[in-house]
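The values are calculated or read from the model by the stated rules, or taken from the named source; none is laboratory data. These figures come from a predicted structure and were not determined experimentally. Backbone-built Cβ (ideal geometry, glycine too); neighbour counts: all protein chains shown. The protein model used for the area step is the full one, side chains on, heavy atoms only, and it has no ligands, DNA or RNA in it. Shrake-Rupley method; radii C 1.70, N 1.55, O 1.52, S 1.80 Å.
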Amino acid sequence: MTNVNKNIIETFDLVKKYGPITAVDKLNLKVPEGTVYGLLGPNGAGKTTTILMLLGLTEPSSGKAIVNGYDPVRNPLEVKAMVGYLPDNVGFYDELTGEENLLYTAQLNGIEPIIAQKRIEHVLKRVGLSKDGKRKVAEYSRGMRQRLGIADVLVKDPKLIIMDEPTLGIDPKGIRELLNLIRELAKEDGRTVLISSHLLHQIQQICDQVGIFVKGKLIAAGTLKELEQQLADRDRLQLELKAIPCDDKLLTICEGLDGVNNLRWEKDLLILECQTDIRENLVKLLTSQGYCPVHLALRGVSLDSIYLRYFQKEGDYFGQDGWLKGLEG
Ligand code: ATP
């Protein structure tokens, strides 16, 4: 059984500099075993560099990483043996079939041919490619290639799987299938999955915890609930209210309510800054006064808004369209 308290990845003031650029800046990352962890951040935030250090593919400038008890700099082979890595652009031999490619990976990893054959059959089924195993990879769609990439990683039977932007360029149906599969790898198999992504809504669907990266620094980390709480503690709670009728008396009623610090209009929404969540009292009061609340929501409850607000605090990450630079949606 998985020990939920153990961190399979832990970094200690990990730094990577490329000349004058600090790609990763005193990173202290903790990834609990058996979870799906999302490394979230725009292009150039330092996600790939972090992954390369975890895999022992590039050396830290200072600090260190520990992966399943091993330092990737000192024990690269031990780390390699238990980690499966799916890069953002998986390379296969296009003229070979899916099965042949997997067999090649199995050979490279010293897996006996008889065991490899059985495992390949199993992993192809697992990723939904049983019928396509004998087709050349050149004929595969991008989504199929990604699933073959996961099969390729699973051939090694790794404890930890690291994926760099796994859903890029895949259609919505393919994305859904891939996300379900990633979730299963943690929930059913007990593996740990670390995903680097800039696609917030996808991360939100499948990750137990997220870490938000800005300019090589982890500026927030934890479960979605914890991130919401951190925001709520730091800023005051904000409620959005729309009620009928929408008149001046509505403002006076809300102003007089205990726990309301501030009020303002945003188009037809009344925004109430509060010390605590006063929604229940607010609804009682409004209905007793003949108002009908048609919209009442607590702000900052989606990862999108958490992400945007953390980035807003960091300043210059917005393009002219007001959306995060490097974000597609
Ligand atoms: P992306 O999604 O675009 O890959 P990322 O979050 O993975 O973004 P990194 O690729 O880790 O970010 O890059 C972090 C910073 O380090 C960037 O400023 C990048 O230009 C720089 N960088 C990365 N690799 C090198 C390298 N080999 N030499 C010099 N600078 C590099």
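Among all residue pairs at least 6 apart or on different chains, which show Cβ distances below 8 Å where the first residue, located in region 36-50, is near the ligand (Cβ under 7 Å from one of its atoms) and the second is β-branched (V, I, T) and open to solvent by 10 Å² or more (accessible area, probe 1.4 Å)?
T49/T58
Just a yes or no: is a residue in region 40-55 open to solvent by 50 Å² or more (accessible area, probe 1.4 Å) and within 30 Å of E188 (Cα to Cα)? Don't jump to the end; show me each part of the working.
In the first step, residues of region 40-55 are kept if they are open to solvent by 50 Å² or more (accessible area, probe 1.4 Å); the result is 43-44, 48.
Now drop any that are not within 30 Å of E188 (Cα to Cα), which leaves 48.
Yes, region 40-55 contains at least one residue that is open to solvent by 50 Å² or more (accessible area, probe 1.4 Å) and within 30 Å of E188 (Cα to Cα).
Test of understanding: among R176, R145, R119, which residue is under 22 Å from the mean Cα position of the chain (by Cα), under 27 Å from L77 (Cα atoms) and modelled with pLDDT under 95? Working first, answer last.
Working: R176 fails: under 27 Å from L77 (Cα atoms); R119 fails: under 22 Å from the mean Cα position of the chain (by Cα).
On inspection, the qualifying residue turns out to be R145.
Condition check ((1) under 29 Å from Q205 (Cα atoms); (2) in contact with a Phe, Trp or Tyr (Cβ under 6 Å, 6 or more places away or on another chain)) across all residues:
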{"site": "N28", "(1), (2)": "yes, no"}
{"site": "V31", "(1), (2)": "yes, yes"}
{"site": "V36", "(1), (2)": "yes, no"}
{"site": "N43", "(1), (2)": "yes, no"}
{"site": "T49", "(1), (2)": "yes, no"}
{"site": "E59", "(1), (2)": "no, no"}
{"site": "K64", "(1), (2)": "no, yes"}
{"site": "V83", "(1), (2)": "yes, no"}
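Looking at this structure, is N89 among the polar types (S, T, N, Q), open to solvent by 70 Å² or more (accessible area, probe 1.4 Å) and under 27 Å from T35 (Cβ atoms)? Write out each step before concluding.
Details: among the polar types (S, T, N, Q): yes; open to solvent by 70 Å² or more (accessible area, probe 1.4 Å): yes; under 27 Å from T35 (Cβ atoms): yes.
When the stated conditions are applied, N89 passes them.
If S62 satisfies all but one of (1) under 28 Å from K6 (Cβ atoms); (2) modelled with pLDDT under 95, what's the number of the condition it fails?
Among (1) under 28 Å from K6 (Cβ atoms); (2) modelled with pLDDT under 95, the lone unmet condition for S62 is (2).
Looking at region 148-164 only, could you name the residues that are touching a helix residue (DSSP H, G or I) at 6+ places or on another chain (Cβ under 9 Å), closer than 21 Å to V79 by Cα and not β-branched (V, I, T)?
Result: A151, D152, L154, K156, D157, P158, K159, L160, M163, D164.
Restricting to region 188-197, count the residues that are at pLDDT 90 or above and either of a type outside the set (V, I, T) or open to solvent by 30 Å² or more (accessible area, probe 1.4 Å) (or both). Spell out the reasoning first.
Initially, region 188-197 is screened for residues at pLDDT 90 or above, giving 191-196.
Filter once more, so that each one left must be either of a type outside the set (V, I, T) or open to solvent by 30 Å² or more (accessible area, probe 1.4 Å) (or both): 191, 194, 196.
Number of matching residues: 3.
Since R264 meets every condition but one in (1) open to solvent by 60 Å² or more (accessible area, probe 1.4 Å); (2) in a helix (DSSP H, G or I), which condition does it not meet?
Here R264 meets the rest and fails (2).
Suppose we filter region 20-39 for residues that are open to solvent by 30 Å² or more (accessible area, probe 1.4 Å) and of a type in the set (A, V, I, L, M); how many remain? Show your work before the answer.
At the first step, the residues of region 20-39 found to be open to solvent by 30 Å² or more (accessible area, probe 1.4 Å) are 20-22, 25-26, 28, 30.
Among the residues that remain, those that are also of a type in the set (A, V, I, L, M) are: 21.
So the count comes out to 1.
Among the residues of region 229-245 satisfying the criterion of being farther than 13 Å from A297 by Cβ and modelled with pLDDT under 90, which is least open to solvent (accessible area, probe 1.4 Å)?
L231
Pull out all pairs, ordered by first then second residue, where Cβ-Cβ is under 7 Å, the residues are six or more apart or on different chains, the first lies in region 63-89 and is more than 30 Å from R142 (Cβ to Cβ), and the second is part of a loop (DSSP other than H, G, I, E, B) and open to solvent by 40 Å² or more (accessible area, probe 1.4 Å).
The qualifying pairs are N68/K159; V73/E59.
If L102 satisfies every condition in (1) within 16 Å of the ligand (Cβ to nearest atom); (2) crowded, with 23+ Cβ neighbours inside 10 Å; (3) free of Cβ contacts under 8 Å to residues at least 60 places away in the same chain but one, which is the exception?
So the condition that L102 fails would be (1).
Out of P166, P158, which single residue is touching a residue at least 60 places away in the same chain (Cβ under 8 Å), touching a Leu at 6+ places or on another chain (Cβ under 9 Å) and either open to solvent by 30 Å² or more (accessible area, probe 1.4 Å) or not charged (D, E, K, R) (or both)?
Numbers: P158 fails: touching a Leu at 6+ places or on another chain (Cβ under 9 Å).
So the residue among P166, P158 that is touching a residue at least 60 places away in the same chain (Cβ under 8 Å), touching a Leu at 6+ places or on another chain (Cβ under 9 Å) and either open to solvent by 30 Å² or more (accessible area, probe 1.4 Å) or not charged (D, E, K, R) (or both) is P166.
Which condition does G290 not pass, out of (1) open to solvent by less than 30 Å² (accessible area, probe 1.4 Å); (2) modelled with pLDDT of 65 or more, if it passes all the others?
Here G290 clears every test but (1).
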